[in-house]
Amino acid sequence: MDRKPLAAPSGFRAVCRVLGIAVAFTSGCSSPPEETLLSQFFRAIAQEDRVTAAGMSMAAFPGGPVESWEIVEVGPVTEGPYRVPELRAEETAAEAARDEQFKVFYDFRQANQEALAAITDRRDGNPDAAIGGRLGEVADAWDAHSVERRRLVSSLSEVQMALEEERRRAQRSLLREAPVDYLAGNISEQELLVRTVEEGAGREYRFVLIRYDLQNQHGAEVASRWIIAAIEAATETTSPP
C-alpha cells in the first residue's frame, strides 16, 4: 500500500508504565488512543471476555496471561487509500473475465465433443498419456482452456477474499453499523512495540493499529475508532524488563 507519513513522532518510550491489568497511570499522565485501546484489550483478555476483545482486534493475542505491560515505542501514523471501491471494481472486472472465459470454454467443448470424449478415454487411468495428431491439438487447447479457467476462478476468489477482509476491518473500525461499499476516504495505520511480563518472562510484540477515516456519499465523516489489525511476537527474554 502506498503510504505517506503524517505529522507524528518517529518513536518514543512511553512515559507511563502500566502495571497490572487493572491499569493505573501515574499522576499527570495522559491516555493517548493507543494506550486506551491496549488497556481495554488486555483487560478483556484478563477477564476472558472474548467478545469484547474480538470487537477491538482482528488478531488473537499470541502470548499467555499478561502480568503487566507497557508501550515502549510508537511508530509514525501513516495513511493509505480505502480499498473497498478499488476492490469492488476489481471484482467486477474479474467476474467479467471469468464469465467470458467460461463462454469460450463452453463453446470449445460443444464444438469438440467427440474429440474430447476420445481424449478422456485415452487418459482414463493414465492422465499423462501422449496424444498426437489432430486429437493432440484438441487436447492441448482443452488443457490450456482448463488452466486459464482455474487461473481466473482463483483470481476472482482472491479479490473476493480481500474485499471481504477490507469490509470486515472497516465495519470493525466504524462506531456504528453502516454500509461500507459506498464510503470513501483513507486508512490510518500505526505500529507499536509493546513489552509484556508473562509468567515472570519479558516478551515484546508488534501491534499494528488501524483506523478508517471515511466519508459517506454526502461528504459527512463517519465516526470511527482505532482497532488492532495484527499482533506478532518480536522478541522474548528470560527475565522481566
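The values are calculated or read from the model by the stated rules, or taken from the named source; none is laboratory data. What you see is a predicted model; the values in this text were computed from it and never measured. So basically every Cβ, Gly included, is an ideal-geometry build from the backbone, and we count neighbours across all protein chains shown. Surface accessibility is based on the protein's heavy atoms, side chains included, excluding ligands, DNA and RNA. Shrake-Rupley method; radii C 1.70, N 1.55, O 1.52, S 1.80 Å.
Determine which member of the set Ala89, Ala141, Ala130 is at negative phi, touching a Gly at 6+ places or on another chain (Cβ under 9 Å) and among the aliphatic types (A, V, I, L, M).
One residue alone meets the criteria, Ala130.
Condition test on Val77, is it under 30 Å from Glu199 (Cβ atoms), crowded, with 16+ Cβ neighbours inside 10 Å, in contact with a strand residue (DSSP E or B) (Cβ under 8 Å, 6 or more places away or on another chain) and touching a residue at least 24 places away in the same chain (Cβ under 8 Å)?
no
Looking for something loosely packed, with under 11 Cβ neighbours inside 10 Å and out of contact with any Asp or Glu (no Cβ under 7 Å at 6 or more places or on another chain) - is there at least one such residue anywhere in segment 83-94? Working first, answer last.
Step one: of segment 83-94, the residues loosely packed, with under 11 Cβ neighbours inside 10 Å are none.
No.
Those residues that are open to solvent by less than 100 Å² (accessible area, probe 1.4 Å) and not in a helix (DSSP H, G or I), I need them from segment 158-175; list them, please.
Matches in segment 158-175: Leu174 only.
Looking only at residues in segment 14-58 that are assigned to a loop (DSSP other than H, G, I, E, B) and under 16 Å from Leu192 (Cα atoms), which one is modelled with the highest pLDDT?
Of everything passing the filter in segment 14-58, Met58 is modelled with the highest pLDDT.
Identify, from the list Phe61, Phe108, the residue that is aromatic (Phe, Trp, Tyr), open to solvent by less than 60 Å² (accessible area, probe 1.4 Å) and part of a helix (DSSP H, G or I).
Residue meeting the stated conditions: Phe108.
Do any residues in segment 88-107 that are of a type in the set (Phe, Trp, Tyr) have Cβ atoms under 9 Å from those of residues that are open to solvent by 60 Å² or more (accessible area, probe 1.4 Å), where the two are at least six apart or on different chains, and which pairs are they?
What qualifies is Phe102/Arg149; Phe105/Glu148; Phe105/Arg149.
Determine which member of the set Asp181, Asp128, Asp140 is among the acidic types (Asp, Glu), at pLDDT below 95, loosely packed, with under 14 Cβ neighbours inside 10 Å and closer than 23 Å to Thr92 by Cβ.
Asp181
Please work out which one of (1) without any contact (Cβ under 8 Å) to a residue 40 or more places away in the chain; (2) over 27 Å from Glu90 (Cα atoms) is the condition Arg211 fails and give its number.
(2)
Residue by residue through segment 134-152, note down the ones that are under 36 Å from the mean Cα position of the chain (by Cα) and among the small types (Gly, Ala, Ser).
Those that are under 36 Å from the mean Cα position of the chain (by Cα) and among the small types (Gly, Ala, Ser): Ala144, Ser146.
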